[in-house]
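Engineer: One structure, pasted below without further comment.
Bear in mind that the values in this text are calculations on the coordinates, not laboratory data. Source: prediction; values computed, not measured. Glycine also receives a Cβ, built like all others from the backbone with ideal geometry; neighbour counts cover every protein chain displayed.
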Amino acid sequence: MRVVVFGSGITGVSAARELLKRGHEVRLVDENVPEKAPDIPVRPLTETDIDWAELVIPSPGVPRTHPMLAKARRVLSEIEVATDLLEGKLIAITGTNGKTTTTTLIHRVLQAQGFDAGIGGNISPPLMTLVPDNPAYVVAEISSFQLEWIEHFRPDIALCMNITPDHLDRYSDMDEYIFYKLKIFENQRPEDIAIVNEDDPFLKGIPLRARRSSFSLSTPPEGDGAYLDASQIFFTGAIAGPGPKVPDPAKVGGGVIEDMLATALVGRYLGVDTLTMEEIFTTFKVIHHRFETVDTIDGIAFIDDSKATNVGALEKALSTLTSPVILILGGRDKGGDFSGIAERYTHIIKKAYVIGEAARRIVCEISGMVDIKEARDMEEAVTLAYAGASPGDTVLLSPGCSSFDMYRSYAHRGEVFRECVHSIPKSMHAR
């Protein structure tokens, strides 16, 4: 088959390598040929390539509306091509927030039970890299971008953790964003399992072909599901019974507890021992930049939640805290609405400092509800936050925006925050 792989990042290169190994004619193309080329030649994208190709595989970052894709005979996502080659049981996780942590937890739980489990997708590495080893279980983090070009992609177990406004710079409105998120369920059959967050208004009651299972932080779901009671998970319905204990939500964040609820359901269906899950949960270290405590200085806690790149993740962080919060937010605008969050959490947001391209809009949107001020950069925001905080307060970096206006990634942004925090004792400890 003649295949054009559009995008020379890790996903495109991995797909091109595997398809070349399988005897296909492959052209790896990009709009901007990288200075440091991979081991496969990269050529500039032209209409001739699209005309030549029987199949185009775009990288997730290529918008669905790209004019070249409209000219292609057939377009498929890398996850569609990869899972057609993989034979193992597919567990696929999507959602606005919590995908990476849930994917990581499920993989660790399966490995701890002794299962042959691979991990990939939106979390590195790409699914195509799992094809040579062909693990018995494939745990895949799946983004809405990856779901745009599927045909037969069908998880044995599909999870949607939540849906909150995000990527509205790519999608025309929330309805379009939700449509692509829910495509994770569209090819499932009655013998498959669909796991949804019962507490999420966009997911509660959605029609599903597969066997429904749901989770809730507080309310026992009807039918199969899981809920939390006094830091322990309990299962309901046909899988009823006590489940694993989990950490105090105040230490890891309420979002991580939801991730553990979903993980526990997957483990229950696949026959993982309760004590095995409990060991993974109670020893779990929060993934970097996800509600991660950096330090406590003069009784002030500093939390790095740089991965909160949308308003839903920001709200999840605020909902976990009870102490007064000095909030650092902002970055590249993704179209999120901050006014509702400001109104709901005005009682704990003591002060807010905003940085980045979205700063002016955010200030205009919430200045009547929250004491907010623009800062030049992260260093000034952290300095001002520390100066205005009192013992018992929390300085929270939870931007609600992407990082690409000022930083290479959310991780880079988080590292800069950590550096600023760690510089405080040297420069400002004498208050």
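Engineer: Straight-line reach only, C-alpha to C-alpha below 24 angstrom: list the lysines that LYS71 could link to, leaving out same-chain residues fewer than 8 apart.
Structural biologist: LYS183
Engineer: Then there is this: Placing +1 on the Cβ of each Lys and Arg and -1 on the Cβ of each Asp and Glu in the chain, which of GLY237, GLY223, MET369 has its Cα farthest towards the positive end of the resulting dipole?
Structural biologist: MET369
Engineer: Using only DSSP helix segments of four residues or longer, with each worth -39500 (n - 2.57), what per-residue ellipticity at 222 nm results for the chain after dividing by its residue count and rounding to 500?
Structural biologist: When only DSSP H runs of four or more count, the value is -9000 deg cm²/dmol.
Engineer: Moving on. Restricting to the stretch 215-302, compute how many DSSP beta bridges are antiparallel as a %, nearest 5.
Structural biologist: That works out to approximately 85 percent antiparallel.
Engineer: Another question about this same structure. Where the centroid of each part is defined by its Cα atoms, how far is the stretch 354-409 from the stretch 293-321 in Å?
Structural biologist: 12
Engineer: Counting only DSSP beta bridges with both residues in the chain, tell me the antiparallel percent, nearest 5.
Structural biologist: Of all bridge pairs located within the chain, approximately 20 percent are antiparallel.
Engineer: Here's something else I'd like to know. Hey, fewest Cβ within 10 Å first, where do CYS420, CYS401, CYS364 land in order?
Structural biologist: Fewest-to-most Cβ neighbours within 10 Å comes out as CYS364, CYS420, CYS401.
Engineer: Given 0.36 nm per residue, what is the gain on full extension from THR296 to ALA136 after removing their alpha carbon distance, in nm?
Structural biologist: Gain on stretching THR296 to ALA136: 53.2 nm.
Engineer: Quick one: of the DSSP bridges fully inside the stretch 79-282, what percent are antiparallel, nearest 5?
Structural biologist: That works out to approximately 25 percent antiparallel.
Engineer: What does the highest-first list of 365-373, 140-148 look like by mean Cβ count within 10 Å?
Structural biologist: Descending mean neighbour count gives 140-148, 365-373.
Engineer: Next question. Whose amide H sits under 5 Å from the amide H of ASP166, counting only residues 5 or more places off or on another chain, with H placed in the peptide plane?
Structural biologist: Hits under the 5 Å cutoff: none.
Engineer: Moving on. Would you mind ranking THR274, THR103 by Cβ crowding within 10 Å, fewest neighbours first?
Structural biologist: Ordered by Cβ neighbours within 10 Å, fewest first: THR274, THR103.
Engineer: Over 21 Å, how big is the tail of the calculated P(r) for the stretch 351-431, in percent of all Cα pairs?
Structural biologist: Value for the stretch 351-431: 28 percent of Cα pairs lie more than 21 Å apart.
Engineer: Another one. Roughly how big is the chain's charge dipole about its Cα centre, with Cβ charges of +1 (Lys, Arg) and -1 (Asp, Glu), in debye to the nearest 20?
Structural biologist: 200
Engineer: Please rank ASP224, ASP405, ASP259, fewest neighbouring Cβ atoms within 10 Å first, as an exposure proxy.
Structural biologist: Final ranking by Cβ density, sparse to dense: ASP405, ASP224, ASP259.
Engineer: Still on this model: Want the number for ARG376 to GLU87: 0.36 nm per residue separation, take away the alpha-carbon distance, what's left?
Structural biologist: That pair, ARG376 and GLU87, stretches by 98.9 nm at full extension.
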